[in-house]
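The values are calculated or read from the model by the stated rules, or taken from the named source; none is laboratory data. Quick caveat, the model's predicted, so the values are computed rather than measured. Heads up, the Cβs are rebuilt from the backbone with ideal geometry, glycines too, and the neighbour counts pull from every protein chain shown.
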Amino acid sequence: MVVENDLCGYELSRSALPARKGFDFYKCREQRESAKSRCIFHDLDPRKDAEELSRRLYEKRDSRYIGYVFPESFTFTRFKLQGADFAHCQFLGTVDFQGSVFRGHTDFSFAIFDKGAHFRGARFKGSVNFTGALFRGQAWFNDATLDSCVNLTSAHFKDEFWFAGIGDAIADMTGTIFEKDAHFHNTFFAGASFIETQFGGQATFGFYKYIAHGHSCEQASTSPDIVFFEGVDMSRVLFREANLKRASFNQCYNLDQARFFDCTWNLGYGRNNILYDELELRKKMPPWEKMAKCEGVKRKCGLLGDASELDAQDDKAAESRLERSHASVEETCRAFKKHFEDRRNYLVAGDFHEGEMEMRRLAKGTWGRRLLSIEAVYWLLSRYGQSWLRPLACFIALNLIAAVIYSFSGLQLESERAPMRLEITAEPSPILMLESLFIYLHAFLYSFSVSALLRGVYATPTSLVGLLLQTVQFILGPLLILLIGLAIRRRVRR
(Lines give C-alpha, C1' and ligand atoms only; values in the text may rest on other atoms or scores of the structure.)
Protein backbone atom coordinates (compact mmCIF):
# COMPACT_ATOMS: atom_id res chain seq x y z
CA MET A 1 0.00 0.00 0.00
CA VAL A 2 1.36 3.38 -1.01
CA VAL A 3 1.35 6.03 1.71
CA GLU A 4 -0.21 9.39 0.79
CA ASN A 5 3.03 11.22 1.57
CA ASP A 6 4.88 9.01 -0.91
CA LEU A 7 2.63 10.08 -3.78
CA CYS A 8 3.67 12.50 -6.50
CA GLY A 9 2.97 16.12 -5.62
CA TYR A 10 1.69 17.07 -9.09
CA GLU A 11 -1.91 18.22 -9.26
CA LEU A 12 -4.13 20.44 -11.42
CA SER A 13 -7.17 22.41 -10.37
CA ARG A 14 -10.33 22.65 -12.44
CA SER A 15 -9.42 26.15 -13.67
CA ALA A 16 -6.21 24.86 -15.24
CA LEU A 17 -7.80 21.84 -16.87
CA PRO A 18 -9.22 21.94 -20.40
CA ALA A 19 -13.02 21.84 -20.47
CA ARG A 20 -14.23 18.24 -20.64
CA LYS A 21 -16.62 15.90 -18.93
CA GLY A 22 -15.64 14.30 -15.63
CA PHE A 23 -12.51 16.39 -15.02
CA ASP A 24 -12.94 18.68 -12.04
CA PHE A 25 -9.55 17.96 -10.43
CA TYR A 26 -6.47 15.94 -11.30
CA LYS A 27 -3.88 14.56 -8.91
CA CYS A 28 -1.15 12.12 -9.87
CA ARG A 29 -1.42 8.80 -7.99
CA GLU A 30 2.07 7.55 -8.90
CA GLN A 31 4.81 7.03 -6.31
CA ARG A 32 7.31 9.87 -6.14
CA GLU A 33 10.99 9.39 -6.77
CA SER A 34 13.29 9.12 -3.79
CA ALA A 35 14.43 12.51 -2.50
CA LYS A 36 12.10 14.21 -4.99
CA SER A 37 8.61 15.62 -4.73
CA ARG A 38 7.38 14.17 -8.02
CA CYS A 39 7.23 10.86 -9.84
CA ILE A 40 9.39 10.04 -12.85
CA PHE A 41 6.57 11.10 -15.19
CA HIS A 42 6.22 14.62 -13.74
CA ASP A 43 9.83 15.15 -12.76
CA LEU A 44 11.12 18.40 -14.33
CA ASP A 45 14.73 17.14 -14.51
CA PRO A 46 15.76 17.29 -18.22
CA ARG A 47 18.44 14.64 -17.58
CA LYS A 48 16.15 11.95 -16.23
CA ASP A 49 16.46 8.46 -17.73
CA ALA A 50 14.48 8.43 -21.02
CA GLU A 51 14.73 4.63 -21.40
CA GLU A 52 13.39 4.05 -17.90
CA LEU A 53 10.57 6.50 -18.54
CA SER A 54 9.68 4.72 -21.79
CA ARG A 55 9.70 1.33 -20.05
CA ARG A 56 7.48 2.55 -17.22
CA LEU A 57 5.04 4.12 -19.68
CA TYR A 58 4.88 0.96 -21.75
CA GLU A 59 4.16 -1.14 -18.64
CA LYS A 60 1.59 1.39 -17.47
CA ARG A 61 -0.48 0.91 -20.66
CA ASP A 62 -2.46 4.05 -20.01
CA SER A 63 -3.08 6.80 -22.55
CA ARG A 64 -3.48 9.52 -19.92
CA TYR A 65 -0.25 11.57 -19.74
CA ILE A 66 -1.53 14.78 -18.12
CA GLY A 67 1.37 17.04 -17.10
CA TYR A 68 4.09 14.55 -18.00
CA VAL A 69 7.57 15.90 -18.76
CA PHE A 70 9.34 14.16 -21.64
CA PRO A 71 13.14 14.61 -21.80
CA GLU A 72 15.01 15.60 -24.96
CA SER A 73 16.04 12.08 -25.96
CA PHE A 74 12.57 10.55 -25.57
CA THR A 75 10.83 8.92 -28.58
CA PHE A 76 7.28 7.69 -29.15
CA THR A 77 8.08 4.76 -31.43
CA ARG A 78 6.35 2.12 -29.29
CA PHE A 79 3.31 4.13 -28.33
CA LYS A 80 -0.22 3.21 -29.40
CA LEU A 81 -1.91 6.60 -29.53
CA GLN A 82 -5.50 5.62 -28.76
CA GLY A 83 -7.34 8.54 -27.21
CA ALA A 84 -4.05 9.94 -25.90
CA ASP A 85 -4.23 12.80 -23.40
CA PHE A 86 -1.09 15.02 -23.39
CA ALA A 87 -2.75 18.01 -21.68
CA HIS A 88 -0.22 20.26 -19.89
CA CYS A 89 2.67 18.04 -20.97
CA GLN A 90 6.12 19.50 -21.56
CA PHE A 91 8.30 18.17 -24.37
CA LEU A 92 11.87 19.24 -23.71
CA GLY A 93 13.24 17.94 -27.00
CA THR A 94 12.11 17.73 -30.61
CA VAL A 95 8.87 15.75 -30.69
CA ASP A 96 8.66 13.32 -33.59
CA PHE A 97 5.17 12.03 -34.44
CA GLN A 98 5.87 11.74 -38.18
CA GLY A 99 3.64 9.13 -39.79
CA SER A 100 1.90 8.33 -36.50
CA VAL A 101 -1.77 7.37 -36.36
CA PHE A 102 -3.87 9.06 -33.65
CA ARG A 103 -7.13 7.24 -32.93
CA GLY A 104 -9.96 8.71 -30.95
CA HIS A 105 -9.80 12.17 -29.42
CA THR A 106 -6.19 13.35 -28.88
CA ASP A 107 -5.54 16.17 -26.44
CA PHE A 108 -2.43 18.42 -26.42
CA SER A 109 -4.16 21.35 -24.70
CA PHE A 110 -1.74 23.70 -22.90
CA ALA A 111 1.19 21.45 -23.79
CA ILE A 112 4.64 23.03 -24.16
CA PHE A 113 6.91 22.07 -27.06
CA ASP A 114 10.34 23.49 -26.22
CA LYS A 115 11.84 22.56 -29.59
CA GLY A 116 10.45 21.35 -32.91
CA ALA A 117 7.19 19.42 -33.17
CA HIS A 118 6.93 17.13 -36.20
CA PHE A 119 3.51 15.80 -37.24
CA ARG A 120 4.38 15.36 -40.94
CA GLY A 121 2.26 12.70 -42.60
CA ALA A 122 0.46 11.90 -39.33
CA ARG A 123 -3.13 10.73 -39.47
CA PHE A 124 -5.66 11.97 -36.95
CA LYS A 125 -8.60 9.58 -37.07
CA GLY A 126 -10.35 11.55 -34.36
CA SER A 127 -10.36 15.16 -33.31
CA VAL A 128 -7.15 16.71 -31.96
CA ASN A 129 -6.97 19.56 -29.48
CA PHE A 130 -4.02 22.00 -29.16
CA THR A 131 -5.91 24.69 -27.21
CA GLY A 132 -3.45 27.01 -25.47
CA ALA A 133 -0.42 24.95 -26.55
CA LEU A 134 2.96 26.72 -26.75
CA PHE A 135 5.38 25.88 -29.59
CA ARG A 136 8.81 27.42 -29.05
CA GLY A 137 10.34 25.65 -32.08
CA GLN A 138 9.09 24.97 -35.58
CA ALA A 139 5.78 23.10 -35.90
CA TRP A 140 5.24 20.85 -38.92
CA PHE A 141 1.86 19.43 -39.92
CA ASN A 142 2.63 19.04 -43.64
CA ASP A 143 0.73 16.30 -45.51
CA ALA A 144 -1.18 15.28 -42.40
CA THR A 145 -4.53 13.53 -42.82
CA LEU A 146 -7.35 15.02 -40.79
CA ASP A 147 -10.46 12.85 -40.50
CA SER A 148 -11.84 15.34 -38.00
CA CYS A 149 -11.12 18.82 -36.66
CA VAL A 150 -7.79 20.16 -35.41
CA ASN A 151 -8.39 22.73 -32.69
CA LEU A 152 -5.57 25.29 -32.34
CA THR A 153 -7.59 27.86 -30.40
CA SER A 154 -5.31 30.32 -28.55
CA ALA A 155 -2.20 28.29 -29.40
CA HIS A 156 1.08 30.24 -29.57
CA PHE A 157 3.71 29.56 -32.24
CA LYS A 158 6.99 31.36 -31.64
CA ASP A 159 8.68 29.90 -34.72
CA GLU A 160 7.54 28.94 -38.23
CA PHE A 161 4.30 27.00 -38.60
CA TRP A 162 3.69 24.62 -41.52
CA PHE A 163 0.16 23.46 -42.34
CA ALA A 164 0.65 22.79 -46.05
CA GLY A 165 -0.45 20.05 -48.43
CA ILE A 166 -3.49 18.98 -46.39
CA GLY A 167 -6.79 18.01 -48.00
CA ASP A 168 -10.29 18.67 -46.59
CA ALA A 169 -9.01 20.29 -43.41
CA ILE A 170 -11.34 21.49 -40.65
CA ALA A 171 -9.34 23.79 -38.39
CA ASP A 172 -10.23 26.20 -35.61
CA MET A 173 -7.43 28.77 -35.14
CA THR A 174 -9.45 31.35 -33.23
CA GLY A 175 -7.11 33.65 -31.31
CA THR A 176 -4.00 31.73 -32.39
CA ILE A 177 -0.72 33.68 -32.38
CA PHE A 178 1.87 33.14 -35.14
CA GLU A 179 4.98 35.16 -34.32
CA LYS A 180 6.75 34.11 -37.52
CA ASP A 181 5.73 32.84 -40.97
CA ALA A 182 2.69 30.57 -41.23
CA HIS A 183 2.41 28.40 -44.35
CA PHE A 184 -1.03 27.19 -45.46
CA HIS A 185 -0.39 26.81 -49.20
CA ASN A 186 -1.67 23.75 -51.09
CA THR A 187 -4.13 23.11 -48.27
CA PHE A 188 -7.84 22.70 -48.99
CA PHE A 189 -9.92 24.03 -46.10
CA ALA A 190 -13.36 22.44 -45.82
CA GLY A 191 -13.91 24.68 -42.80
CA ALA A 192 -11.61 26.96 -40.84
CA SER A 193 -11.81 29.82 -38.37
CA PHE A 194 -9.14 32.52 -38.10
CA ILE A 195 -11.17 34.86 -35.88
CA GLU A 196 -8.80 37.39 -34.27
CA THR A 197 -5.75 35.33 -35.25
CA GLN A 198 -2.47 37.25 -35.03
CA PHE A 199 0.06 36.92 -37.86
CA GLY A 200 3.46 38.32 -36.85
CA GLY A 201 5.14 36.98 -39.99
CA GLN A 202 3.90 36.33 -43.50
CA ALA A 203 0.96 33.96 -43.88
CA THR A 204 0.53 32.26 -47.26
CA PHE A 205 -2.65 30.70 -48.66
CA GLY A 206 -3.43 29.19 -52.06
CA PHE A 207 -1.70 27.14 -54.72
CA TYR A 208 2.06 26.89 -55.15
CA LYS A 209 4.11 24.84 -57.62
CA TYR A 210 4.95 22.19 -55.06
CA ILE A 211 2.04 19.77 -54.68
CA ALA A 212 2.13 17.30 -51.83
CA HIS A 213 1.75 13.61 -52.55
CA GLY A 214 -1.88 12.59 -52.88
CA HIS A 215 -3.28 16.07 -53.51
CA SER A 216 -4.17 17.20 -57.01
CA CYS A 217 -3.47 20.64 -58.43
CA GLU A 218 -7.21 21.25 -58.83
CA GLN A 219 -7.84 20.47 -55.19
CA ALA A 220 -5.03 22.65 -53.88
CA SER A 221 -5.89 25.62 -56.08
CA THR A 222 -9.41 25.84 -54.62
CA SER A 223 -8.26 26.58 -51.09
CA PRO A 224 -9.46 28.03 -48.84
CA ASP A 225 -13.19 27.19 -49.11
CA ILE A 226 -15.00 28.01 -45.87
CA VAL A 227 -12.68 30.27 -43.88
CA PHE A 228 -13.20 33.01 -41.29
CA PHE A 229 -10.62 35.82 -41.10
CA GLU A 230 -12.74 38.08 -38.89
CA GLY A 231 -10.84 40.59 -36.77
CA VAL A 232 -7.44 39.58 -38.24
CA ASP A 233 -4.57 41.96 -39.03
CA MET A 234 -4.08 41.14 -42.74
CA SER A 235 -0.93 43.23 -43.30
CA ARG A 236 1.25 40.10 -43.64
CA VAL A 237 -1.18 37.72 -45.32
CA LEU A 238 -0.68 36.54 -48.90
CA PHE A 239 -3.20 34.72 -51.13
CA ARG A 240 -2.04 33.14 -54.38
CA GLU A 241 -4.54 31.51 -56.76
CA ALA A 242 -6.83 30.94 -53.78
CA ASN A 243 -10.58 30.41 -53.89
CA LEU A 244 -12.09 33.11 -51.69
CA LYS A 245 -15.74 32.40 -52.47
CA ARG A 246 -16.35 31.29 -48.88
CA ALA A 247 -13.86 33.53 -47.09
CA SER A 248 -15.14 36.10 -44.59
CA PHE A 249 -13.05 39.25 -44.04
CA ASN A 250 -15.48 40.99 -41.70
CA GLN A 251 -13.83 43.73 -39.59
CA CYS A 252 -10.28 42.79 -40.57
CA TYR A 253 -7.42 45.25 -40.14
CA ASN A 254 -5.07 46.54 -42.86
CA LEU A 255 -6.89 44.70 -45.62
CA ASP A 256 -5.40 47.06 -48.18
CA GLN A 257 -1.93 45.77 -47.23
CA ALA A 258 -2.72 42.09 -47.89
CA ARG A 259 -1.64 40.59 -51.21
CA PHE A 260 -3.99 38.82 -53.61
CA PHE A 261 -2.70 37.17 -56.79
CA ASP A 262 -5.15 35.58 -59.28
CA CYS A 263 -7.75 34.81 -56.62
CA THR A 264 -11.29 33.66 -57.34
CA TRP A 265 -14.27 35.59 -55.97
CA ASN A 266 -18.04 35.20 -56.22
CA LEU A 267 -20.03 36.21 -59.31
CA GLY A 268 -23.38 37.97 -59.41
CA TYR A 269 -25.24 41.27 -59.76
CA GLY A 270 -23.28 41.97 -62.95
CA ARG A 271 -19.94 41.76 -61.10
CA ASN A 272 -17.04 39.31 -61.21
CA ASN A 273 -15.74 40.01 -57.72
CA ILE A 274 -18.16 39.86 -54.78
CA LEU A 275 -17.31 39.21 -51.15
CA TYR A 276 -18.90 36.29 -49.33
CA ASP A 277 -19.81 38.72 -46.51
CA GLU A 278 -22.02 40.72 -48.89
CA LEU A 279 -23.82 37.66 -50.26
CA GLU A 280 -24.33 36.21 -46.78
CA LEU A 281 -25.77 39.51 -45.57
CA ARG A 282 -28.14 39.52 -48.56
CA LYS A 283 -29.11 35.91 -47.67
CA LYS A 284 -27.86 34.67 -51.04
CA MET A 285 -25.55 32.21 -49.30
CA PRO A 286 -25.96 30.17 -46.13
CA PRO A 287 -24.13 31.53 -43.06
CA TRP A 288 -20.55 30.38 -42.56
CA GLU A 289 -21.47 28.78 -39.24
CA LYS A 290 -24.14 26.62 -40.90
CA MET A 291 -21.81 25.46 -43.67
CA ALA A 292 -19.05 24.62 -41.21
CA LYS A 293 -21.44 22.70 -38.97
CA CYS A 294 -22.78 20.74 -41.95
CA GLU A 295 -19.21 19.82 -42.83
CA GLY A 296 -18.62 18.68 -39.28
CA VAL A 297 -21.82 16.63 -39.16
CA LYS A 298 -20.85 15.03 -42.44
CA ARG A 299 -17.74 13.76 -40.73
CA LYS A 300 -19.67 12.76 -37.61
CA CYS A 301 -18.03 15.39 -35.44
CA GLY A 302 -18.57 18.98 -34.44
CA LEU A 303 -16.29 21.73 -35.62
CA LEU A 304 -14.43 21.75 -32.31
CA GLY A 305 -14.07 18.01 -31.80
CA ASP A 306 -15.76 14.71 -31.11
CA ALA A 307 -19.22 15.31 -29.68
CA SER A 308 -18.99 12.18 -27.54
CA GLU A 309 -16.01 13.56 -25.64
CA LEU A 310 -16.76 17.27 -25.35
CA ASP A 311 -19.30 19.18 -23.33
CA ALA A 312 -22.59 20.11 -24.90
CA GLN A 313 -21.38 23.68 -25.34
CA ASP A 314 -18.44 22.45 -27.42
CA ASP A 315 -20.72 20.36 -29.65
CA LYS A 316 -21.73 23.43 -31.63
CA ALA A 317 -19.98 24.86 -34.66
CA ALA A 318 -17.90 27.95 -34.03
CA GLU A 319 -19.97 31.09 -34.24
CA SER A 320 -18.89 34.52 -35.34
CA ARG A 321 -17.74 36.72 -32.47
CA LEU A 322 -18.08 39.85 -34.58
CA GLU A 323 -21.35 41.31 -35.79
CA ARG A 324 -21.80 41.40 -39.55
CA SER A 325 -23.71 44.51 -40.61
CA HIS A 326 -24.09 46.70 -43.68
CA ALA A 327 -21.63 49.19 -42.19
CA SER A 328 -18.95 46.56 -41.51
CA VAL A 329 -19.29 44.99 -44.97
CA GLU A 330 -19.19 48.47 -46.53
CA GLU A 331 -15.93 49.14 -44.71
CA THR A 332 -14.53 45.79 -45.91
CA CYS A 333 -15.45 46.56 -49.53
CA ARG A 334 -13.84 49.98 -49.20
CA ALA A 335 -10.60 48.39 -47.99
CA PHE A 336 -10.56 45.97 -50.93
CA LYS A 337 -11.26 48.86 -53.31
CA LYS A 338 -8.27 50.76 -51.94
CA HIS A 339 -6.10 47.64 -52.18
CA PHE A 340 -6.76 47.17 -55.89
CA GLU A 341 -6.68 50.90 -56.69
CA ASP A 342 -3.25 51.18 -55.11
CA ARG A 343 -2.14 48.41 -57.49
CA ARG A 344 -3.86 50.11 -60.46
CA ASN A 345 -6.28 47.21 -60.96
CA TYR A 346 -9.23 49.50 -61.51
CA LEU A 347 -11.61 46.93 -63.01
CA VAL A 348 -11.53 44.77 -59.88
CA ALA A 349 -11.55 47.87 -57.67
CA GLY A 350 -14.74 48.95 -59.45
CA ASP A 351 -16.53 45.77 -58.41
CA PHE A 352 -15.70 46.42 -54.75
CA HIS A 353 -16.69 50.07 -55.15
CA GLU A 354 -20.09 48.85 -56.34
CA GLY A 355 -20.31 46.54 -53.33
CA GLU A 356 -19.45 49.44 -51.02
CA MET A 357 -22.21 51.61 -52.47
CA GLU A 358 -24.73 48.74 -52.40
CA MET A 359 -24.15 48.26 -48.69
CA ARG A 360 -24.67 52.00 -48.17
CA ARG A 361 -27.94 51.85 -50.12
CA LEU A 362 -29.24 48.72 -48.39
CA ALA A 363 -28.42 50.22 -44.99
CA LYS A 364 -31.22 52.77 -45.55
CA GLY A 365 -33.61 50.32 -43.95
CA THR A 366 -37.06 50.61 -45.51
CA TRP A 367 -37.70 49.66 -49.12
CA GLY A 368 -38.91 53.17 -49.89
CA ARG A 369 -35.67 54.76 -48.71
CA ARG A 370 -33.64 52.14 -50.55
CA LEU A 371 -35.41 52.81 -53.85
CA LEU A 372 -35.75 56.60 -53.61
CA SER A 373 -32.36 57.54 -52.18
CA ILE A 374 -29.51 59.24 -54.03
CA GLU A 375 -27.62 55.94 -53.98
CA ALA A 376 -30.57 54.21 -55.65
CA VAL A 377 -30.65 56.83 -58.45
CA TYR A 378 -26.88 56.52 -58.83
CA TRP A 379 -27.24 52.73 -59.17
CA LEU A 380 -30.17 52.98 -61.58
CA LEU A 381 -28.42 55.41 -63.93
CA SER A 382 -24.91 53.94 -64.01
CA ARG A 383 -24.41 51.11 -61.50
CA TYR A 384 -22.45 53.51 -59.28
CA GLY A 385 -20.33 54.80 -62.16
CA GLN A 386 -19.27 51.33 -63.36
CA SER A 387 -21.45 50.99 -66.48
CA TRP A 388 -21.19 53.33 -69.48
CA LEU A 389 -23.86 51.48 -71.46
CA ARG A 390 -26.59 52.21 -68.93
CA PRO A 391 -26.21 56.03 -68.92
CA LEU A 392 -25.75 55.97 -72.70
CA ALA A 393 -29.01 54.05 -73.09
CA CYS A 394 -30.71 56.50 -70.70
CA PHE A 395 -29.32 59.46 -72.68
CA ILE A 396 -30.60 58.08 -76.00
CA ALA A 397 -34.00 57.19 -74.50
CA LEU A 398 -34.28 60.67 -72.93
CA ASN A 399 -33.74 62.38 -76.29
CA LEU A 400 -36.03 60.05 -78.26
CA ILE A 401 -38.89 60.55 -75.79
CA ALA A 402 -38.25 64.29 -75.48
CA ALA A 403 -38.32 64.64 -79.27
CA VAL A 404 -41.80 63.11 -79.36
CA ILE A 405 -43.02 65.52 -76.68
CA TYR A 406 -41.47 68.53 -78.42
CA SER A 407 -43.04 67.44 -81.72
CA PHE A 408 -46.56 67.46 -80.27
CA SER A 409 -46.16 70.42 -77.87
CA GLY A 410 -44.60 72.61 -80.58
CA LEU A 411 -41.25 74.24 -81.36
CA GLN A 412 -40.69 77.75 -82.69
CA LEU A 413 -37.65 77.91 -85.01
CA GLU A 414 -35.94 81.30 -85.41
CA SER A 415 -36.14 81.01 -89.21
CA GLU A 416 -39.87 80.19 -89.25
CA ARG A 417 -42.87 82.35 -88.42
CA ALA A 418 -45.27 79.54 -87.46
CA PRO A 419 -44.34 76.95 -84.81
CA MET A 420 -43.73 73.35 -85.86
CA ARG A 421 -46.21 70.90 -84.40
CA LEU A 422 -47.33 67.38 -85.24
CA GLU A 423 -51.03 66.96 -85.91
CA ILE A 424 -52.88 63.63 -85.69
CA THR A 425 -55.05 63.08 -88.79
CA ALA A 426 -57.50 60.33 -89.62
CA GLU A 427 -56.10 59.72 -93.12
CA PRO A 428 -52.32 60.19 -93.21
CA SER A 429 -50.76 60.69 -96.64
CA PRO A 430 -47.14 60.09 -97.76
CA ILE A 431 -46.53 63.86 -97.88
CA LEU A 432 -47.91 64.21 -94.36
CA MET A 433 -45.70 61.38 -93.12
CA LEU A 434 -42.59 63.01 -94.62
CA GLU A 435 -43.56 66.31 -93.02
CA SER A 436 -44.05 64.57 -89.65
CA LEU A 437 -40.64 62.92 -90.00
CA PHE A 438 -39.09 66.32 -90.79
CA ILE A 439 -40.65 67.84 -87.66
CA TYR A 440 -39.54 64.91 -85.49
CA LEU A 441 -35.94 65.17 -86.76
CA HIS A 442 -35.87 68.88 -85.91
CA ALA A 443 -37.29 68.08 -82.48
CA PHE A 444 -34.67 65.34 -81.92
CA LEU A 445 -31.80 67.64 -82.93
CA TYR A 446 -33.14 70.32 -80.60
CA SER A 447 -33.51 67.77 -77.78
CA PHE A 448 -29.94 66.53 -78.30
CA SER A 449 -28.55 70.07 -78.33
CA VAL A 450 -30.32 70.84 -75.06
CA SER A 451 -29.11 67.61 -73.37
CA ALA A 452 -25.55 68.14 -74.57
CA LEU A 453 -25.57 71.89 -73.86
CA LEU A 454 -24.96 72.67 -77.56
CA ARG A 455 -26.21 75.58 -79.67
CA GLY A 456 -26.70 73.81 -82.99
CA VAL A 457 -30.47 74.19 -83.33
CA TYR A 458 -32.09 77.56 -82.60
CA ALA A 459 -35.60 76.93 -81.38
CA THR A 460 -37.88 77.63 -78.44
CA PRO A 461 -40.63 75.45 -76.92
CA THR A 462 -44.06 77.00 -77.38
CA SER A 463 -45.80 75.32 -74.43
CA LEU A 464 -45.36 75.00 -70.68
CA VAL A 465 -44.77 71.23 -71.05
CA GLY A 466 -41.95 71.90 -73.48
CA LEU A 467 -40.33 74.45 -71.17
CA LEU A 468 -40.49 72.04 -68.21
CA LEU A 469 -39.00 69.27 -70.33
CA GLN A 470 -36.22 71.59 -71.46
CA THR A 471 -35.35 72.30 -67.80
CA VAL A 472 -35.25 68.59 -67.00
CA GLN A 473 -32.94 67.98 -69.95
CA PHE A 474 -30.61 70.78 -68.87
CA ILE A 475 -30.11 68.80 -65.64
CA LEU A 476 -30.26 65.16 -66.74
CA GLY A 477 -28.41 65.44 -70.05
CA PRO A 478 -25.05 66.71 -68.71
CA LEU A 479 -25.37 64.36 -65.72
CA LEU A 480 -25.70 61.32 -67.98
CA ILE A 481 -22.78 62.48 -70.14
CA LEU A 482 -20.70 62.87 -66.97
CA LEU A 483 -21.60 59.33 -65.87
CA ILE A 484 -20.64 57.97 -69.29
CA GLY A 485 -17.27 59.68 -69.10
CA LEU A 486 -16.73 58.54 -65.51
CA ALA A 487 -17.40 54.89 -66.37
CA ILE A 488 -15.12 54.99 -69.43
CA ARG A 489 -12.37 56.62 -67.39
CA ARG A 490 -12.61 53.89 -64.75
CA ARG A 491 -12.08 51.26 -67.43
CA VAL A 492 -9.22 52.82 -69.41
CA ARG A 493 -7.18 54.69 -66.80
CA ARG A 494 -3.71 53.41 -66.07
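Of the residues Tyr26, Tyr58, which is within 43 Å of the chain's Cα centre (by Cα), of a type outside the set (Val, Ile, Thr) and not assigned by TED's automatic domain parsing to the domain that holds Ser100? Steps first, answer last, please.
On the way: Tyr58 fails: within 43 Å of the chain's Cα centre (by Cα).
Answer to the check: Tyr26.
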Scan of the range 137-165 for residues that are surrounded by fewer than 22 Cβ atoms within 10 Å (Cβ to Cβ), under 17 Å from Ser109 (Cα atoms) and out of contact with any Asp or Glu (no Cβ under 6 Å at 6 or more places or on another chain), ordered by number: Ser154, His156
Selection count, the range 410-444, where residues are modelled with pLDDT of 80 or more, exposed (fewer than 12 other Cβ atoms within 10 Å of the Cβ) and either not assigned by TED's automatic domain parsing to the domain that holds Ala459 or not in a helix (DSSP H, G or I) (or both): 0
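Please verify whether Phe352 is surrounded by fewer than 19 Cβ atoms within 10 Å (Cβ to Cβ) and of a type in the set (Phe, Trp, Tyr), treating the condition exactly as stated. Quick ask: steps written out before the conclusion?
Numbers: surrounded by fewer than 19 Cβ atoms within 10 Å (Cβ to Cβ): no; of a type in the set (Phe, Trp, Tyr): yes.
So Phe352 fails the test.
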Whichever residue in the range 121-144 is among the hydrophobic types (A, V, I, L, M, F, W, C) and out of contact with any Phe, Trp or Tyr (no Cβ under 6 Å at 6 or more places or on another chain) and, among such residues, is modelled with the lowest pLDDT: Val128
Residue ranges of helices (runs of 4 or more DSSP H) in the range 318-409 with at least 3 members touching a residue at least 12 places away in the same chain (Cβ under 8 Å): 326-342, 346-362, 374-382, 389-409
Some residue of the range 414-437 being touching a helix residue (DSSP H, G or I) at 6+ places or on another chain (Cβ under 6 Å) and farther than 30 Å from Glu356 by Cβ: yes
